[in-house]
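Working notes for the structure below.
The values are calculated or read from the model by the stated rules, or taken from the named source; none is laboratory data. Given the structure is predicted, the values throughout are model-derived calculations rather than measurements. Methodologically, a virtual Cβ is constructed for each residue, glycine included, from the backbone with ideal geometry; neighbour enumeration extends over all protein chains shown. The area values use the complete protein model at the heavy-atom level, side chains included, leaving out ligands, DNA and RNA. Shrake-Rupley method; radii C 1.70, N 1.55, O 1.52, S 1.80 Å.
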Amino acid sequence: AKEKSAIFIIFGGSGDLAHRKLYPSLFRLYKSGFLKDHFAVIGTARRPWSDDYFRETVVTSLKDYFDDSEEVMTEFAKHFFYQSHDVNDSEHYIALKNLASKLDDQFEAGHNRVYYMAIAPRFFGTVAEHINSEGLKASGYNRLVIEKPFGRDLDSACELNGNISKAFPENDIYRIDHYLGKEMIQDIPNIRKNNPKLEQALNNKYVSNIQITLAESLGVEDRGGYYETAGVLRDMVQNHIMQIIGAVASDEPESEDADVIHKNKTELFSSLKELSPEEVDQAFVRGQYDTDNLGDLKAYRQEDNVAEDSNIETFVAGKIEFDTDRWRNVPFYVRSGKRMPKKSSRIDIVLNDQVKELGIRPNSVVTLLIERENGHSILINGVNYKEAGQDFIKFPEEAEFDKAREAYESLIIDILSGNRVHFTLWDELRSTWKYIDTIRQRWDSQTPEFPNYLSGSMGPDASEMLLERDGNSWVWDD
Ligand code: BG6
């Protein structure tokens with residue numbers, strides 16, 4: 001691994017995301033040599049912690065994930081520093097700036113800065129503006145990393161984007177969608193490139209429909225407060241599901257250049273077929289979980305920090321269409337829900353009977369499994385593609401998740417390398433928010449009958465009916 005150098009400034013450095021995702025990923029990068037001598041991490045948050053205390057928290061959370069010796073972890077943690085910080089206080093940014101340049105000298109970090117927003121979204125704009133106005137930017141690169149949610153509708157996303165783009169050019173903004181860090185999603189361009197028959201089949205001549213399922217067995221756990229402001233439509237469809245569609249359905253880029261790849265994706269999203277309010281009722285189904293059939297689990301409305309009469313949805317199923325020559329009239333059925341029978345993240349490409357022209361058995365289904373938990377990563381008609389008796393798919397053995405990298409790990413390497421392929425661009429967000437807003441507004445104008453599905457079930461019956469109306473059915477049906 002080629003060693004990278006940078007000073008990371010993590011806003012929200014004492015928080016959950018930082019400890020659960022970032023520090024473990026940085027540690028993996030440290031062990032694999034991407035990070036070695038020339039980096040430092042400054043954690044900032046309101047609490048007045050010492051460097052030593054901060055390092056202890058880092059080592060403690062690493063122990064949850066690794067069995068390396070404490071020595072190695074302590075060595076790693078020597079690169080960590082803490083600066084308490086009030087996001088509105090200009091002087092605190094000066095203190096940060098001074099600490100960062102001191103550490104840059106000490107670790108010879110190449111004057112590169114990664115500003116990582118692991119804080120509540122309402123602070124993103126303020127922090128970005130202060131970084132700029134207080135002169136934190138160093139003479140190497142200055143990259144801003146933003147976690148979701150990026151706004152809660154088109155207006156708020158525009159406002160947020162306005163604020164951060166006053167301080168950072170689009171080219172230096174890395175908006176994380178952690179699904180774009182997952183191996184299967186990153187492999188899709190290669191799968192398409194290396195399997196010409198499959199690529200030839202990916203259009204309305206040969207595809208009956210495409211199904212994307214992001215099912216979870218857990219409920220909202222301790223995130224009721226956030227979830228009440230979101231719902232699964234915003235939490236999973238606007239971002240992860242749309243990005244998955246982008247990977248499967250965008251035109252193949254003529255080059256591997258980030259701009260070209262994004263151009264094709266942006267074009268696809270800008271051709272999302274708009275829904276009228278009445279069409280929303282036909283095309284989208286929402287649900288909210290109840291207890292399970294034994295009455296053991298909490299219904300959503302009983303969860304902590306959730307209103308007793310909450311109308312927030314924890315399940316969505318919908319039919320998305322595109323107005324392009326390639327995809328006109330092909331339904332993209334999408335669904336995502338909490339408290340479904342099990343965790344399953346998959347893409348099912350349902351081919352029609354015309355595919356026999358391509359030498360593919362009629363009505364074959366190609367399934368791309370996104371999660372490691374799901375075992376073999378590509379199925380044809382439900383069977384590992386190698387055993388399926390059809391040879392239109394080849395996939396390098398070693399890509400089958402043996403060495404699966406954490407999504408965050410690979411995204412951090414990209415940030416340090418200046419590779420923006422696996423991040424979300426503003427133009428993509430604009431189109432997807434616009435599409436989502438129509439659904440949200442229609443839903444907000446009506447009162448749903450919630451709860452309407454049992455925990456551990458496949459969601460409300462209307463989800464099955466959505467496909468039955470078109471003469472189709474869900475491929476994944478526990
Ligand atoms: C997050 C959502 O973006 O993705 C969570 O906020 C969801 O609600 C999670 O649980 C699912 O991610 P993964 O990687 O576990 O499929």
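Among the residues making up region 224-267, those that are within 12 Å of the ligand (Cβ to nearest atom) and over 27 Å from THR367 (Cβ atoms) are GLY224, TYR226, TYR227, THR229, ALA230, GLY231.
Note on region 15-54: among residues that are within 26 Å of ARG223 (Cα to Cα) and touching a strand residue (DSSP E or B) at 6+ places or on another chain (Cβ under 6 Å), the one that is most open to solvent (accessible area, probe 1.4 Å) is PRO48. Among the residues of region 447-468, the ones that are open to solvent by 70 Å² or more (accessible area, probe 1.4 Å) and either in a helix (DSSP H, G or I) or closer than 19 Å to PRO277 by Cα (or both) come to 4 in all. Checked against the criterion of being surrounded by fewer than 15 Cβ atoms within 10 Å (Cβ to Cβ) and within 16 Å of the ligand (Cβ to nearest atom), the candidates GLU221, GLU183 yield just one match: GLU221. Within region 421-478, being within 21 Å of LYS263 (Cα to Cα) and touching a Phe, Trp or Tyr at 6+ places or on another chain (Cβ under 7 Å) holds for PHE423, GLU428, LEU429, SER431, THR432. Among the residues making up region 423-446, a single one is surrounded by fewer than 15 Cβ atoms within 10 Å (Cβ to Cβ), touching a residue at least 40 places away in the same chain (Cβ under 8 Å) and in a helix (DSSP H, G or I): GLN441. Listed by position, the helices (runs of 4 or more DSSP H) inside region 241-310 whose residues that are in contact with a strand residue (DSSP E or B) (Cβ under 7 Å, 6 or more places away or on another chain) and in contact (Cβ under 8 Å) with a residue 12 or more places away in the chain number at least 2 are 242-249.
Does ILE191 meet the test of being of a type in the set (A, V, I, L, M), under 21 Å from LEU411 (Cα atoms) and within 14 Å of the ligand (Cβ to nearest atom)? The answer is no for ILE191. Candidates are the residues of region 198-218 that are hydroxyl-bearing (Ser, Thr, Tyr) and in a loop (DSSP other than H, G, I, E, B); the one that is least open to solvent (accessible area, probe 1.4 Å) is TYR206.
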